[in-house]
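The values are calculated or read from the model by the stated rules, or taken from the named source; none is laboratory data. It should be emphasised that the depicted structure is a prediction, and the values quoted were computed from it without experimental measurement. Methodologically, a virtual Cβ is constructed for each residue, glycine included, from the backbone with ideal geometry; neighbour enumeration extends over all protein chains shown.
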Amino acid sequence: MKAADFDYQRPSNLEAALDLLDDESGDVQVLAGGQSLMPMMNFRLAQPELLVDLNGLEDLQFIREADGHIQIGSMTRYCELENSPLIQQHVPLFSKALPHIAHVAIRNRGTIGGSTALADPAAEMPALLIALDAIIVARSRHGERSIKAAEFFLGLYETALEMGELIASISIPISEAGCECGFYELARRHGDYAMAGVAITVQTTNPISEARVVFFAVSDRATRTEAVENQLNGVSTLAGEEMKNAMEEIGKLDFHGDLNADIATKQHLAKVVFKRAIAEIFS
Amino acid sequence: MSGPLTLFDKPNSYIGKSVPRPDARRLVEGRGKYVDDLQLPRMLHAAFVRSPHAHAEIGIIDTAAATALPGVIAAYTATDLADHVSPYVGILTHLQGLRSPPQMPLAVDRARWQGEPVVMIVAQSRAIAEDACELVEIDFHTLEATCDAKTALQDDAPVIHAEFDSNLAWQRTVDAGNVEEAFNRDDVTVIEREFTFGRHTGVTLEPRASVVEYDPSEEVLTYHYSGQAPHMMQAVLAKHLRLLEENVRIIARDVGGSFGIKIHTYGDDVATAAAAKILGRPIKFIADRNESFVSDIHARDHTVRGRLAVDAEGKIAALEIDDLTGIGPYSMYPRTSAIECNQILNLTGAPYAIDNYRARGTVVFQNKNMMCQYRAVGHPVAMAVADGLLEEAAHKIGMDVVDIRRHNLFADNAYPTNSAAGMKFDDLSHQKALEKLVKFMDYDALRQNQTEARTQNVYRGIGLVSMVEVTNPSPMFYGIGGAPISAQDGASVRLDAAGALHVSASITEQGQGTNTIIAQISAGVFGVDIDRVKVTTGDTATTPYGGGTWASRGAGIGGEAVLQASHALKQQVLDVAGVILQAVSDQLDIVDGHVVDKDAGTQRISLADLGKIVYYRGNELPADVTPELIATRHYRVTDFPFVFTNGAMAAHVEVDVETGFVKVLNFWAVEDCGRVINPKLVDEQIRGGVVQGIGGALYEECIYSPDGQLQNASMADYLVPMAAEMPDIHIDHIETPTKTSVLGAKGAGEAGTGGAPAAIMNAVNDALRPLSTSLHQMPMTPQRILKALGKV
C-alpha cells in the first residue's frame, strides 16, 4: 500500500500554487488535509503526477467576519472551526455537526476546503454548506468566481471546479435572529460515514419560512429537497398532513444504496433523521 | 497432585496479585521491537500480485516488464518455487475423512480466492515492488465461482478441486441418547431456529509480518515472526523448505496482537522464506491492511439449524443441530479448517445436562478467503445456538431465562462428568456462576426497569449465556492427528551470580501479559522480588520446546512448567546453601532474595553471595558438591483432553426500533478460570474478549459479492468495535482451581469472545420480543433489525 511515484511541490503562497495548477499537461492533485487523498493514493486509486501541497499557504487559513458573512479560508481545519468563537456564535449548524465528522485525529488535519472539493456524497460538509446557503470562492490564475453551494456539488465526487481552480475560501451568511438549525445523522459507529443524515436551516418566526433541507449519505450527492421545504414553509409547526406529505416527498429522493443500507433502508432512515432533526428544532 | 501449595500465601508470592506489566512502560514509550522495526543489511522487500478473481485459470504470466524495472531483484511464480518448497496439506488424521488438496505458496494453474498470491516480486523497497506488481501481466480466464456454502454441494455447483468429486471437505455426526423419541414426546415444547454467523476476521494492530534471513554457509534460516507458535513454525518451515529443523530459528519479539490469526501457514510468508533462501539475502514482507483482509484467515461463517425440546418444567429433553460452514478453497495447514465445526459439535449445549443430543457438521470448500481458527474457535456459535434456543424455549413455556438455566446446568457437585458429546468436565461451577451473575447485575431490578421502559416505548432487553471454554488442551487437540504442534511446554529458570532469576519459557507473549505472569509465578515460587526476574520468550534457539500461547493454554500449561522449574531450582539452591551454611536444607527457605531459616526467618546468606561462591569461588565448596543453579521442567495435561472453564455473562441493551440501532448499556461476566494469577490481566483478557464478541455480534462482517469479491477490505468499511460504542464491562470471578496442576490455573483468553455474542443476541431478541419478532443472524446490523421488524 505505497503510493505510485509522484512529483511534489509545496508552494508558500496562493499565486505560486495557482501557477502550479495551471498546467494542462499532467494530472495535478491538490493536497489539503490529506484525510481522503492520502489513502486513495496509497490504494493507488489516485495516481497524480504532481501533488501540490497547500499546507504551506497561510493565506488560506482564516476565519473572519465581513459583510454579514463568516469567511473561512479553505485550509482551515475542522478542529479550528470547532474551537472558533465566531463559528460558535454565527454558524451554530457547524457546532452541531462538527463533532459527528470522523474523529478528533481526523478533524485535526481535515480541512473545510478539502472535504468540499472532494464532494463525497456521504460527507457532512457539502450538506452543511448547501443548508447554510454558502458561497464557494474558487480561484485560478485567471481570476476568481463565486459559486453557490447548491450549484457546486454536481454528483459523485464531482464539483463545479474547473481545471486550474482551487477553493480559496467559503463564505457563510451570518445566522439571523429566529433562524434555527437542525442536524441528525445515523452512523454505525461514532465518526463513521452516516447511513443517512440531514441538515436543516429554517426561519422559525411564525409562520415558518426559508426552510432549507439537505440530505446526505442517501444519494450520489448532498441533496436539497424543495418539495420537503415547501411542506415546512408557511406552517407554524410540521405535523399532520404536512408531515405526511414531507415523508412522501422524502421517499421520492434518488436513493443510492451502500454496504450498510440498501435503498429501502436509506428511504426509511432518511425519514427518521428528518423527523428527529425537526423534533429537535421545534422542541 | 503433590506440591508446595502454601506458596500462594508466602512473602514474594505474586500469584493472585495485580502486578503491573514490567514491559508496559517500554511499549507505551514506543520502544517495542516489532518485525517491521528490523532493518538488516542487504535487506530486500516483497510484494505480491494477488488474484483479482475468486476463481480463474491462470494462463501466461509475463513478468518481463516487472523484472526490467530498476530496483527489482526477482519475480517468482508457482513454477519458480516448485523446486524449493514442498506442498503442504491441511489435514489431521483424527479428523477422519477430512480432505484438502496439496497447496503451494503461490497459486498453481488456478486461482481459487480473490487475494490468493500468484506472483511474488522482490525489490529494493516495498514501493518499487508494488510498482513492479502493476507491471505483471497475467492471462486469467475467469471461472464460475462457488461462493455460497449453501449451494456448494449442489450437483451444478462448480467443483473447486478437479481431484475431488464435490466441494465437500469433511462431515461428522454425533448421536447420543434417542433424539427422535425425545422430540416426539407429547409433553415437550419444541423450538426450531436457523442461526447465521457472518464471516469475520481478527484485526491485529500489527499485521502479519516476516523478515527472513538465510545464511548459506551454515544453511541456517532465521525467521523473524510476529506470532504465537514459534516451534510449530520452525517445524513447518524446516519441512517444506527442506532444511534441518535445528537450522531454522524462529524469533518472535514484541507481537502486536495475534488472536489466532498468525498461527497458520500463509503462502506469502512461506514464499518470503523460500525467496530469502534462494537469494541469500534478508527479505521483509509486511502484509498491508488490504492484504490482511484478503489473506489473513477469516472465521465463523456458519449456518446452524437448531432445535430444542423442553418439558413443562423447562428440562431439556433433546437438542439437535446441523452446522454448515464454508472454509474457503483449502483446509489451512497445519491446524486444518475443520476444527471450528468440530468444536461446535463438541460444545453446543455443553453447559447443560442433556441426555439426547444429535449434531451434524458439514464443511465445504468455496471460492472465498480461507477460514481457520480465530479467538474462541467455535464457541460463539455453539453458545449462541444453545442459549438462543434455550431462552426462546423459556419464553415459550412462560419460564424465566434464569430459572430454565438453574434447571438444566450441571450441578456444581456433579463432577467429574461427561457432556452428551463426550466432553470430560471437572472442577466447574455453573450454578454458582449463574447465581453470582444474577446478584452482580441485579437481575430483578433490570427486569423492573425493562417493564417501566416499555411503557415509554423504550425497548430494552436482557440476555444471558452460560458457557464453557476449552482451555489447556492436551495432545488430543492436534498432536494426536499428526500436526507438529506441541501440547507440552517448558521453562528453564536460572540463578545468576548477582542473585537474579532468568526464566526462559516456550509460551509466547503477544500482548496479553504472558511475560508478566511468568515473572510473577517464578518470583513467588522461588522467593525473589519480581524486579529481579528477567523473562525470555519467543525464540526457538533460547527457549525450551513447547507449543506457544493459543487455545488459552499459556498460563495453565506454560505457567505450571514455570512453577515446577522454579520450585526445582529452589530445592537445588537450598541444597547448595545447606552445604555452605552447614545447615539442613529442609530447614531453610528463600525469602526476598535471601536464604533464611525456615522457622525463625533469620537471613543467612543472600542469593548474590551464594551465586558468587558458586560461580567465582567454587574452591570454597567441597569437591563432591556440584551445584546446578538452573532447572528445567516441562508440563502437559494428562488427565483430560481439555481443561474446561465455565462462566456466565449478561448483556443489557436498548434497541431503537425506528432505526434498528442497538446500544449496549452494560455487560457483566462472571468467570471461573481456576486460579487467577493476575486479576487485572485476566480482567483485561475478558474485557478484550467481550469487545471482540460484541464486534462479531453487532459490527464485524467480511461482506462478499455473489461472485466472491470482498467488498469491505478496509478499516473504513470493516467495522471493528470502537471504544465509543462499548459498554462498561463488569467482571467478577469464581476460583475453582483445576486439580490437573499445582498452579490450578485454567485459561481465560477466549471466554469473552465465546460468550458475548450469545448474550448480546439474546438481549436484542428480548428487547424485540414485545414486537413479536426475532433475529438470529450475526452481525445484528441496523438494516437486519429493521427488516426483522418489517420496517424496510
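Data overview
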item: Index of the failed condition, B:His395 passing every other in (1) surrounded by fewer than 22 Cβ atoms within 10 Å (Cβ to Cβ); (2) within 26 Å of B:Thr638 (Cα to Cα); result: (2)
item: For A:Ala277: the one exception among (1) away from every other protein chain (no Cβ under 14 Å); (2) in contact (Cβ under 8 Å) with a residue 12 or more places away in the chain; (3) under 29 Å from A:Glu158 (Cβ atoms); (4) of a type outside the set (S, T, N, Q); result: (1)
item: Among (1) farther than 30 Å from B:Asp707 by Cβ; (2) out of contact with any Leu (no Cβ under 6 Å at 6 or more places or on another chain), the one test that B:Val174 misses; result: (2)
item: Unique residue being out of contact with any helix residue (DSSP H, G or I) (no Cβ under 7 Å at 6 or more places or on another chain) and either at pLDDT below 95 or more than 14 Å from chain B (Cβ to nearest Cβ) (or both) when the list is A:Phe152, A:Phe183; result: A:Phe152
item: Top-ranked residue in segment B:682-718 [being aliphatic (A, V, I, L, M) and either farther than 26 Å from B:Ala650 by Cα or without any contact (Cβ under 8 Å) to a residue 40 or more places away in the chain (or both); ranked as nearest to the other protein chains (Cβ to nearest Cβ)]; result: B:Ile703
item: Of all residues making up segment B:480-509, the number that are surrounded by fewer than 24 Cβ atoms within 10 Å (Cβ to Cβ) and of a type in the set (D, E, K, R); result: 2
item: Residue in segment A:73-81 that is assigned by TED's automatic domain parsing to the domain that holds A:Thr159, more than 23 Å from A:Asp192 (Cα to Cα), touching a residue at least 60 places away in the same chain (Cβ under 8 Å) and surrounded by fewer than 16 Cβ atoms within 10 Å (Cβ to Cβ) present; result: no
item: Where A:Leu269 falls short, out of the listed (1) assigned to a loop (DSSP other than H, G, I, E, B); (2) within 14 Å of chain B (Cβ to nearest Cβ); result: (1)
item: Some residue of segment A:158-176 being within 14 Å of chain B (Cβ to nearest Cβ), within 30 Å of B:Gln783 (Cα to Cα), in contact (Cβ under 8 Å) with a residue 40 or more places away in the chain and assigned to a strand (DSSP E or B); result: no
item: Test: B:Ser741 is more than 30 Å from A:Val104 (Cβ to Cβ), of a type in the set (Ser, Thr, Tyr) and buried (at least 22 other Cβ atoms within 10 Å of the Cβ); result: yes
item: Hits in segment A:253-266 - residues which are part of a helix (DSSP H, G or I), facing another protein chain (nearest Cβ under 7 Å) and in contact (Cβ under 8 Å) with a residue 24 or more places away in the chain; result: A:Thr265
item: Any pair with Cβ under 8 angstrom, 6 or more apart, that starts in segment B:442-457 at a residue that is under 18 Å from B:Ala651 (Cβ atoms) and ends at one that is among the β-branched types (Val, Ile, Thr) and in a helix (DSSP H, G or I); result: B:Tyr443/B:Val402
item: Strands (runs of 3 or more DSSP E) contained in segment B:76-190 and holding at least 3 residues within 31 Å of the chain's Cα centre (by Cα); result: B:117-123, B:168-176
item: Residue within segment B:79-89 that is within 14 Å of chain A (Cβ to nearest Cβ) and touching a residue at least 40 places away in the same chain (Cβ under 8 Å) present; result: no
item: Within segment B:660-677, considering residues that are surrounded by fewer than 24 Cβ atoms within 10 Å (Cβ to Cβ) and in contact with a Lys or Arg (Cβ under 9 Å, 6 or more places away or on another chain), the one nearest to the other protein chains (Cβ to nearest Cβ); result: B:Phe661
item: So B:Ala238, is it at negative phi, in contact with an Asp or Glu (Cβ under 7 Å, 6 or more places away or on another chain) and surrounded by fewer than 24 Cβ atoms within 10 Å (Cβ to Cβ); result: yes
item: Any chance A:Ser115 is among the hydroxyl-bearing types (Ser, Thr, Tyr), more than 26 Å from A:His268 (Cβ to Cβ) and in a helix (DSSP H, G or I); result: yes
item: Members of segment B:720-777 found to be within 14 Å of another protein chain (Cβ to nearest Cβ) and of a type in the set (Val, Ile, Thr), listed by number; result: B:Val720
item: Residue within segment A:221-229 that is within 14 Å of another protein chain (Cβ to nearest Cβ), surrounded by 22 or more Cβ atoms within 10 Å (Cβ to Cβ) and in contact (Cβ under 8 Å) with a residue 24 or more places away in the chain present; result: no
item: Residues of segment A:1-31 satisfying the condition of being within 14 Å of chain B (Cβ to nearest Cβ) and surrounded by 13 or more Cβ atoms within 10 Å (Cβ to Cβ); result: A:Met1, A:Lys2, A:Ala3, A:Ala4, A:Phe6
item: Options A:Gly164, A:Gly182, A:Gly178, A:Gly143: the member that is within 24 Å of A:His256 (Cβ to Cβ) and of a type outside the set (D, E, K, R); result: A:Gly182
item: Test: residue in segment B:458-469 that is in the same structural domain as B:Leu771 (by TED's automatic domain parsing), within 19 Å of the chain's Cα centre (by Cα), surrounded by 24 or more Cβ atoms within 10 Å (Cβ to Cβ) and of a type in the set (A, V, I, L, M, F, W, C); result: yes
item: Candidate set from segment A:138-157 (those that are assigned to a strand (DSSP E or B) and free of Cβ contacts under 8 Å to residues at least 60 places away in the same chain); member that is farthest from A:Val91 (Cα to Cα); result: A:Gly143
item: Residue match in segment B:635-648 (condition: more than 18 Å from B:Leu437 (Cα to Cα), surrounded by fewer than 24 Cβ atoms within 10 Å (Cβ to Cβ) and more than 20 Å from the chain's Cα centre (by Cα)); result: yes
item: Selection status of B:Leu319, at pLDDT 95 or above, touching a Gly at 6+ places or on another chain (Cβ under 7 Å) and in a strand (DSSP E or B); result: yes
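Per-residue answers, yes or no, for (1) crowded, with 21+ Cβ neighbours inside 10 Å; (2) farther than 20 Å from A:Ala66 by Cα:
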{"site": "A:Gly114", "(1), (2)": "yes, yes"}
{"site": "A:Gly143", "(1), (2)": "no, yes"}
{"site": "A:Lys148", "(1), (2)": "no, no"}
{"site": "A:Glu151", "(1), (2)": "no, yes"}
{"site": "A:Gly155", "(1), (2)": "no, yes"}
{"site": "A:Glu158", "(1), (2)": "no, yes"}
{"site": "A:Glu162", "(1), (2)": "no, yes"}
{"site": "A:Ser169", "(1), (2)": "yes, no"}
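Here's the yes/no breakdown for (1) surrounded by fewer than 15 Cβ atoms within 10 Å (Cβ to Cβ); (2) more than 30 Å from B:Gly388 (Cα to Cα); (3) within 14 Å of another protein chain (Cβ to nearest Cβ); (4) modelled with pLDDT of 95 or more:
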residue: B:Ala111; (1), (2), (3), (4): no, yes, no, yes
residue: B:Ile138; (1), (2), (3), (4): no, yes, no, yes
residue: B:Asn184; (1), (2), (3), (4): yes, no, no, yes
residue: B:Ile191; (1), (2), (3), (4): no, no, no, yes
residue: B:Phe195; (1), (2), (3), (4): no, no, no, yes
residue: B:Tyr214; (1), (2), (3), (4): no, yes, no, yes
